[in-house]
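The values are calculated or read from the model by the stated rules, or taken from the named source; none is laboratory data. Fair warning: this is a prediction, and the values are worked out from it, not measured in the lab. Methodologically, a virtual Cβ is constructed for each residue, glycine included, from the backbone with ideal geometry; neighbour enumeration extends over all protein chains shown.
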Amino acid sequence: MKRIVKTAIAMFAAAVMSTGAIAADWMPPGPIKLMIAFRAGGGADTQARLIAEELENKLGWKFIPEQVTGKGGMNMAAALKDMPNDGTAIGMAVTETFGYNMAAAPKSGLTPEDFTGLATTAGFQMGIVAPTSKGWTTFDDMIQAAKGGEDIRFGVMSPRLADLAYLLGKAQGVDFNIVTVRGGKAVMDGVNAGDLDVGFMAGIQAKGVEAGDLVNLASALSEPLVQTPDAPTLADLGVEFNSDGHFVFVAPAGMPAEARDAIAAAIAEIVSDENSKAGGLIKNAFGGSSVVTGEELTVLLSQSYQDAGKLLDAASE
Amino acid sequence: MSSESRSNLILGICFILFSLLLIFVWIPLDTDSGILERVRRQVTIGDALAPTLAGVFLLLGGIILVVAERNAADQPEIDTVNLGFVAMVIVMLAISVLVMRYAGPAAVALANIGRETPLEYRLLRDTAPWKYTGFFFGGTLMIAGLISMIEGRVTIKSILIAIAAVVAMIAVYDLPFDDLLLPPNGDV
């Protein structure tokens, strides 16, 4: 029996070591084009470039980052889809691109099956945020103001969030004036400047909330916000959908497992290390890493796409 | 030069025809979402807005040439010499761009003769000297070709000037930057 156990342990160890060796031994056959779906200089772009920089330093891979922005990541996805799947072309977007945005644009012909999910890096701390100067300390205060006749200008930065804001108003019996702007920073700028009364912010609000300038009225996630755990979630407010999502690296479909595993493992290691530049940024700006890889990520992207259909139907009424 | 010249009229008509083709045929065939798009209670700018606006400005320019400037003084003549020159510039630029695009892959194809494991240009697009091949030969041909056309002769001096200019551009745009690619390497 002992011999069998020993043999089994030895075989397991050999299998683990050989897998590790394959991942560690894989080298991209040339420079890796990194298509970033976010505007240059923002938090997401900085995150992508820092990850690339650290992979270059650590593994000797060469990255060529470029901005492919627009249409919530769809432009990047369309450009990446037909690139070689040998590990020399990858992209960074958010899971929303492969869920809601693809489901809402059937004419694009894109689905999550056109891509290989590599790794998520971080989630969002998506809150519904107002300036403290409005005098609202709870979500209910804002609803009472709306019911009292005040026009509530609600800033959103994507069509999916616009749908969520619409459904939230519907569930609460109020009609928000939903204003779409470009990016979470624009929502925060609008709120701080008094051009918006409330808006979705995906973690960028943390310092303002801490300083007492902003207040998280609600969590737009399935979970409470780390910073304001007492704020209600969308489910508490009568909305069955939420804005859960991740930053995600993807490649064209059909990428060999060896390349996929190596790139995913390398990204996961960097973002999980809070002492690395990328890991530190993720910790500070997005509340820490949240890594999903492999088959679990394939399921996550596919599920996001299917769930988006239900949200689109609900918000179409 | 002559006020009898009809060059503004001809140019204006060409631009009007081109802009109409652009606005009503090319743009609708090549864009998905129209000029303005209504997406789920929100109006957003469609793919066609910016190119359609550009087409409208071309159309306005053409109309101005036809209506307001058709009898302007000092219009250049449209003759075979002028048209020939324009055609030669276009051909020269087109050949130079083709050389820029394909000189690198052609060099790799040559290097592959006799190699057991063939090289691939796309994977070498950030590796010297391969990455400079297209830009060097295409750029040199473009500059030397334009100088030679103007001078009406090909000289060693014009070729050396072209080489110096291309090398200077490589030094300014490529050497200091890790992540910038010279043409055509971003598109291969």
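Worth a mention:
- Residues in the range A:86-117 that are part of a loop (DSSP other than H, G, I, E, B) and either of a type outside the set (A, V, I, L, M) or closer than 21 Å to residue A:263 by Cα (or both) were compared, and the one that is farthest from the other protein chains (Cβ to nearest Cβ) is A:111.
- Qualifying residue in the range B:6-13 (condition: touching a residue at least 40 places away in the same chain (Cβ under 8 Å), touching a Lys or Arg at 6+ places or on another chain (Cβ under 9 Å), in a loop (DSSP other than H, G, I, E, B) and away from every other protein chain (no Cβ under 14 Å)): yes
- Residue that is surrounded by the fewest Cβ atoms within 10 Å (Cβ to Cβ) [pool: residues in the range B:131-183 that are in a helix (DSSP H, G or I) and hydroxyl-bearing (Ser, Thr, Tyr)]: B:173
- Every residue from the range A:25-49 that is within 14 Å of chain B (Cβ to nearest Cβ) and crowded, with 18+ Cβ neighbours inside 10 Å: A:28, A:30, A:31, A:32, A:33, A:34, A:35, A:36, A:45, A:48, A:49
- Looking across the range A:55-85 at every residue that is part of a loop (DSSP other than H, G, I, E, B) and under 19 Å from the mean Cα position of the chain (by Cα), the one that is modelled with the highest pLDDT is identified as A:68.
- Only one entry of A:130, A:52 meets the criterion of being away from chain B (no Cβ under 14 Å) and either assigned to a loop (DSSP other than H, G, I, E, B) or among the small types (Gly, Ala, Ser) (or both), and that entry is A:130.
- Residue match in the range B:108-117 (condition: in contact (Cβ under 8 Å) with a residue 24 or more places away in the chain and among the polar types (S, T, N, Q)): no
- Lone qualifier among A:251, A:264, A:257 - being over 18 Å from residue A:36 (Cα atoms) and of a type in the set (A, V, I, L, M): A:257
- Residue among B:99, B:81, B:91 that is among the aliphatic types (A, V, I, L, M) and either touching a Lys or Arg at 6+ places or on another chain (Cβ under 6 Å) or farther than 28 Å from residue B:183 by Cβ (or both): B:81
- Test: residue in the range B:59-75 that is surrounded by 12 or more Cβ atoms within 10 Å (Cβ to Cβ) and either of a type in the set (Phe, Trp, Tyr) or under 30 Å from residue A:177 (Cβ atoms) (or both): no
- Verdict on residue A:300 being surrounded by 16 or more Cβ atoms within 10 Å (Cβ to Cβ), under 30 Å from residue A:106 (Cα atoms) and of a type outside the set (S, T, N, Q): yes
- Of all residues making up the range A:284-301, the number that are free of Cβ contacts under 8 Å to residues at least 60 places away in the same chain and within 18 Å of residue A:43 (Cα to Cα): 1
- Residue B:19 being out of contact with any helix residue (DSSP H, G or I) (no Cβ under 6 Å at 6 or more places or on another chain) and surrounded by 15 or more Cβ atoms within 10 Å (Cβ to Cβ): no
- Of the helices (runs of 4 or more DSSP H) that lie entirely inside the range A:210-317, those containing 2 or more residues that are away from chain B (no Cβ under 14 Å) and either over 29 Å from residue A:57 (Cβ atoms) or among the basic types (Lys, Arg) (or both) span A:277-286, A:294-315.
- For residue A:180, the criteria (1) within 14 Å of another protein chain (Cβ to nearest Cβ); (2) farther than 25 Å from residue A:70 by Cβ hold in every case but one, which is (2).
- The range A:155-182, residues that are β-branched (Val, Ile, Thr) and more than 24 Å from the chain's Cα centre (by Cα): A:174
Quick grid of which residues meet (1) among the hydrophobic types (A, V, I, L, M, F, W, C); (2) under 24 Å from residue A:185 (Cβ atoms):
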position: A:226; (1), (2): yes, yes
position: A:243; (1), (2): no, yes
position: A:285; (1), (2): yes, yes
position: A:311; (1), (2): yes, no
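- Qualifying residue in the range A:107-114 (condition: crowded, with 24+ Cβ neighbours inside 10 Å, over 13 Å from the mean Cα position of the chain (by Cα) and at pLDDT 95 or above): yes
- Within the range A:162-198, being farther than 17 Å from residue A:144 by Cα and not in a helix (DSSP H, G or I) holds for A:178, A:179, A:180, A:181, A:182, A:183, A:194, A:195, A:196.
- The C-beta contact set for the range B:162-188 (first residue more than 14 Å from chain A (Cβ to nearest Cβ), second residue part of a loop (DSSP other than H, G, I, E, B) and not basic (Lys, Arg), distance under 9 angstrom, 6+ apart or interchain) comprises B:169/B:182; B:170/B:182; B:173/B:180; B:173/B:182.
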